[in-house]
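This report refers to the structure that appears directly beneath it.
The values are calculated or read from the model by the stated rules, or taken from the named source; none is laboratory data. The shown structure was predicted, so the numbers you read here are calculated from the model rather than taken from an experiment. Note that we place each Cβ from the backbone using ideal geometry, even for glycine, and neighbour counts take in every protein chain shown.
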Amino acid sequence: MTPLYGHTDETSSYLVSDYPYGRFTRCRIRYWIDYSPRHGYRFVSQTEHPDTKRWNNPKKGIYSELGACMYLDDVDHVKCRRVGQHSEVKDILDFVRDFPAADLREIRLWLPVKIIYLNSYLDGSRVIAINGQAQPWTEAQNARHRAELALCLEIQAELEKEAPPKP
């Protein structure tokens, strides 16, 4: 896996010059990650019409709140990995480790809130009420909260490392 950094719009897109267009024709295609402060990140691709040499309408993926990064797989195809607020914490940790030079600003904003949230479960200040009665967390639930908190602290340690320079 080879991460692709810095491709954020049409002008800085990752260009592939030999891409299938229909059954027999070849064209160019470009890829980038679009960012919106309100919605997050999305993967975008756009092909060039082989006859007119004009760019077709871009194909825009769905938004991910926390992050997205493109990479080349083992056969040099462009792929995208995304993480959002409903992703497993382990997947977010893997994303941060695999793409240290990616745009991680939303993960940096999300992480302190997640740590506070998990600590509130563990210290007993956040409980569930059934028929108005506070119910204590089971040991299994507390173990899950402790495991998630440990992963969040690993993410925090990864974010505190200096990111490698972007190619």
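Assorted remarks:
- Test: residue in region 74-88 that is of a type outside the set (A, V, I, L, M), out of contact with any Asp or Glu (no Cβ under 8 Å at 6 or more places or on another chain) and assigned to a helix (DSSP H, G or I): no
- Selection count, region 80-113, where residues are among the charged types (D, E, K, R) and farther than 11 Å from ILE155 by Cα: 7
- Against the conditions (1) part of a strand (DSSP E or B); (2) loosely packed, with under 13 Cβ neighbours inside 10 Å; (3) β-branched (Val, Ile, Thr), THR11 satisfies every one except (1).
Quick grid of which residues meet (1) more than 22 Å from the chain's Cα centre (by Cα); (2) farther than 29 Å from VAL83 by Cα; (3) modelled with pLDDT of 95 or more:
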{"position": "THR2", "(1), (2), (3)": "no, no, no"}
{"position": "THR8", "(1), (2), (3)": "no, no, no"}
{"position": "TYR19", "(1), (2), (3)": "yes, no, no"}
{"position": "THR25", "(1), (2), (3)": "yes, yes, no"}
{"position": "ARG30", "(1), (2), (3)": "no, no, yes"}
{"position": "ILE33", "(1), (2), (3)": "no, no, yes"}
{"position": "TYR41", "(1), (2), (3)": "no, no, yes"}
{"position": "THR47", "(1), (2), (3)": "yes, no, yes"}
{"position": "ARG54", "(1), (2), (3)": "yes, yes, yes"}
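Yes/no matrix, rows are residues, columns are (1) surrounded by 14 or more Cβ atoms within 10 Å (Cβ to Cβ); (2) closer than 20 Å to PRO20 by Cβ:
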position: ASP34; (1), (2): yes, no
position: VAL44; (1), (2): yes, yes
position: GLU48; (1), (2): yes, yes
position: LYS60; (1), (2): no, no
position: SER64; (1), (2): yes, no
position: ALA68; (1), (2): yes, no
